[in-house]
Amino acid sequence: MTSFEEMVASARAVVAERESRVPLEEMRDRVREADSPTNALDALRSRSGSVSVIAEVKRVTATFADLSGVGDVAVLSRFYAAGGAAGVSVVTEPVRSHGRLADLDAVRASIDVPILVNDLVVTPYQVHEARAHGADLLLLDARLEPLILEALIERTHSLGMLAVVEAHSRREAITAVETGALCVSADARDPLTGLVDHCRFEQVAEVLPSSVLRVATGGVAGPRDVMSYARWGADVVLVGEAIIRSQDPQQFVAELVAAGNHPALQNAMNREAS
């Protein structure tokens with residue numbers, strides 16, 4: 001199993017190669033020329049109490065099964081948007097996930113909903129790079145050194161994007177909030193074993209203030225999981241592999257969205273508020 005420190009070192013090497021081809025100052029210029037980002041916090045936070053769905057485009061699963069046959073990512077993302085997804089996540093991490101910036105470009109050109117870039121972000125260069133390619137949200141990892149994480153969150157927010165800080169434990173979630181996160185993603189999949197424990201989200205969400213947008217990720221197989229995460233306090237549910245493997249991605253996303261808007265969830269929330 002590759003350690004997080006080894007993953008960070010690998011990411012730095014890959015980024016250094018990209019930066020040698022397109023220097024930071026040129027990337028800053030591209031950011032200035034890019035269209036303004038969407039206010040993702042407003043787009044994802046439902047005022048009706050329903051749960052939003054982010055649908056993900058990726059070429060490798062969390063357990064490294066090959067999804068390279070996903071086909072045209074632009075077409076897939078249009079299916080997601082047509083099904084009611086509030087956002088689309090694009091995996092651009094190249095080493096372990098076979099992601100690519102070209103996928104981000106293709107998706108950005110195809111849809112208007114907010115786009116989350118899913119990469120192992122370790123340098124400010126990647127923040128500018130994501131924005132230059134049209135990102136509205138950027139995934140960061142709470143396992144980074146707190147000072148580095150804080151700087152990356154500030155840089156992401158300064159460019160008009162929303163930093164989504166991924167936490168795997170209560171301690172990491174607290175670190176995320178203390179370093180300035182407005183949105184925390186609680187991953188149900190153990191980063192060491194790859195095993196999914198849906199209760200992990202509930203445990204992490206308990207330490208988050210109500211002002212923080214809560215994203216549930218990992219192990220979503222269908223609408224029932226969306227409803228479970230909603231009952232545990234999720235504002236957003238991110239789903240990837242299950243959609244890609246479905247026979248009808250648009251219909252599957254629509255079913256997930258419908259689950260997030262189920263009247264039973266509204267009734268439960270109303271009872272809790274009274």
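The values are calculated or read from the model by the stated rules, or taken from the named source; none is laboratory data. As the structure is a computational prediction, the values presented were derived from the model and not from experiment. For neighbour counting, all protein chains shown are included, and Cβ atoms are generated from backbone atoms with ideal geometry for every residue, glycine included.
Summary of values
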read-out: Members of the range 123-153 that are hydroxyl-bearing (Ser, Thr, Tyr) and out of contact with any Leu (no Cβ under 7 Å at 6 or more places or on another chain); value: THR123
read-out: Test for SER97: is it farther than 22 Å from ARG28 by Cα, in a strand (DSSP E or B) and touching a residue at least 12 places away in the same chain (Cβ under 8 Å); value: no
read-out: Residues (modelled with pLDDT of 95 or more and touching a Gly at 6+ places or on another chain (Cβ under 7 Å)) located in the range 183-224; value: ARG214
read-out: The range 80-109: number of residues that are within 21 Å of SER246 (Cβ to Cβ) and surrounded by fewer than 18 Cβ atoms within 10 Å (Cβ to Cβ); value: 2
read-out: The range 244-257, residues that are surrounded by 22 or more Cβ atoms within 10 Å (Cβ to Cβ) and either out of contact with any strand residue (DSSP E or B) (no Cβ under 7 Å at 6 or more places or on another chain) or without any contact (Cβ under 8 Å) to a residue 12 or more places away in the chain (or both); value: PRO249, PHE252
read-out: All helices (runs of 4 or more DSSP H) inside the range 1-49 with 2 or more residues being of a type in the set (A, V, I, L, M) and under 30 Å from ALA259 (Cα atoms); value: 40-44
read-out: Residue match in the range 72-81 (condition: free of Cβ contacts under 8 Å to residues at least 60 places away in the same chain, more than 22 Å from GLU25 (Cα to Cα) and either under 13 Å from the mean Cα position of the chain (by Cα) or in a loop (DSSP other than H, G, I, E, B) (or both)); value: yes
